[in-house]
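Note sheet for the following structure.
Every number in this text was worked out from the coordinates using simple rules, so none of it is lab data. No experiment lies behind these values; they were computed from the predicted model shown. When we count neighbours, we look across all protein chains shown, and the Cβ atoms used for this are built from the backbone with ideal geometry, even at glycine.
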Amino acid sequence: MKTITSSMLVATMICFMVGCSKAQRPADSSDHNLDGKNVLIVYLSRTKNTKAIAEIIQNQVGGKLVALELQKPYPENYQAIVDQVAKENAEGYLPPLKTKIDSLEKFDVIFIGFPTWGMQLPPPMKSFLSQHNLKGKTLIPFNTNAGYGIGSTFQTVKDLAPSGNILEGFSIQGGKERDGIFFVMEGEKEKLAKDDIKKWLQKIKITK
Ligand SMILES: Cc1cc2nc3c(=O)[nH]c(=O)nc-3n(C[C@H](O)[C@H](O)[C@H](O)COP(=O)(O)O)c2cc1C
């Protein structure tokens, strides 16, 4: 009788614990107060649209801004970079980064910014995510594109950082290098981007 009672007690305790964890809100809907947290904003940008978004995010939440650079930079010519990226994507090639981030482990929250390239996550960002352990970190993707959307980019962030806590990302139309439209994040467009970013940060409950 005594055994039954104690095993029932254990079972009840386990149920209680499981019940508690089920009752918790999913990570995405919880508050993310940045007070006392170390924030990193790491981004890739060629024609500076994603860079402008990274700077707006930094203005709104603070943090350390780091641009990803390659050991061997991509060609200036648009068609040449499109071809090279298509080849790298097809072969799964991860280009070596020149950028080294000191003590990545000290950052709690990492914003990850990139353009859409060939409807995919750009190879340098694949390199970054593949070479760091992002376990337990809050990861927040953001993107610019020429109007064709995020493609598989946000999904690839999830695939390459499966143990990170990934929040809902932000995306906005940037330049159209193919049509000779390079930097657009100025004037009215910049204002719109600032407003949209503010609303997005509120939605994902990022507070200072
Ligand atoms: C190699 C390459 C591939 C691109 N592929 C796409 C694409 O598949 N879809 C899209 O909407 N835009 C594409 N773009 C356009 C960029 O995503 C867009 O111009 C973005 O705003 C550039 O960001 P940046 O100024 O930070 O470099 C591509 C640009 C480059 C250079």
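Points worth noting:
- Note, ³J(HN,Hα) from phi for the range 70-78, Karplus 6.51, -1.76, 1.60, rounded to Hz, x at Gly and Pro: 8, 4, 10, x, 5, x, 5, 5, 4
- Beta bridges by DSSP in the chain, antiparallel share as percent, to the nearest 5: 10
- About the centre of its Cα atoms, the chain shows a dipole size close to 560 debye [charges on the beta carbon of Lys, Arg (+1) and Asp, Glu (-1) only; nearest 20 debye].
- Only Lys, Arg (+1) and Asp, Glu (-1) charged, at Cβ; the range 134-184 dipole about Cα centre in debye: 160
- Residues whose placed amide H lies under 5 Å from that of Phe114, excluding near-sequence neighbours: Leu44, Phe142, Asn143, Thr144
- Our estimate of slack between Lys98 and Gln202, defined as 0.36 nm per intervening residue step minus the Cα-Cα distance, is 34.0 nm.
- Three-way shape label, the range 69-208, alpha-carbon gyration tensor, a/c 1.5: oblate
- For the range 33-47, 3J(HN,Hα) per residue [Karplus equation, 6.51 cos²θ - 1.76 cosθ + 1.60, θ = phi - 60°, Hz, x = Gly/Pro]: 7, 8, 4, x, 9, 8, 10, 10, 10, 10, 8, 10, 8, 9, 10
- Note on the range 30-207: dipole from Cβ charges, positive end direction compared against Ala52, Gly164, Ala80; the farthest Cα belongs to Gly164.
- The mean sequence separation of alpha-carbon pairs under 8 Å and at least six residues apart, normalised by the residue count of the chain, gives a relative contact order of 24 percent.
- Once both labels are positioned 7 Å from their Cα atoms along Cα-to-Cβ, the gap between Asn77 and Gln60 label points is 3.9 nm.
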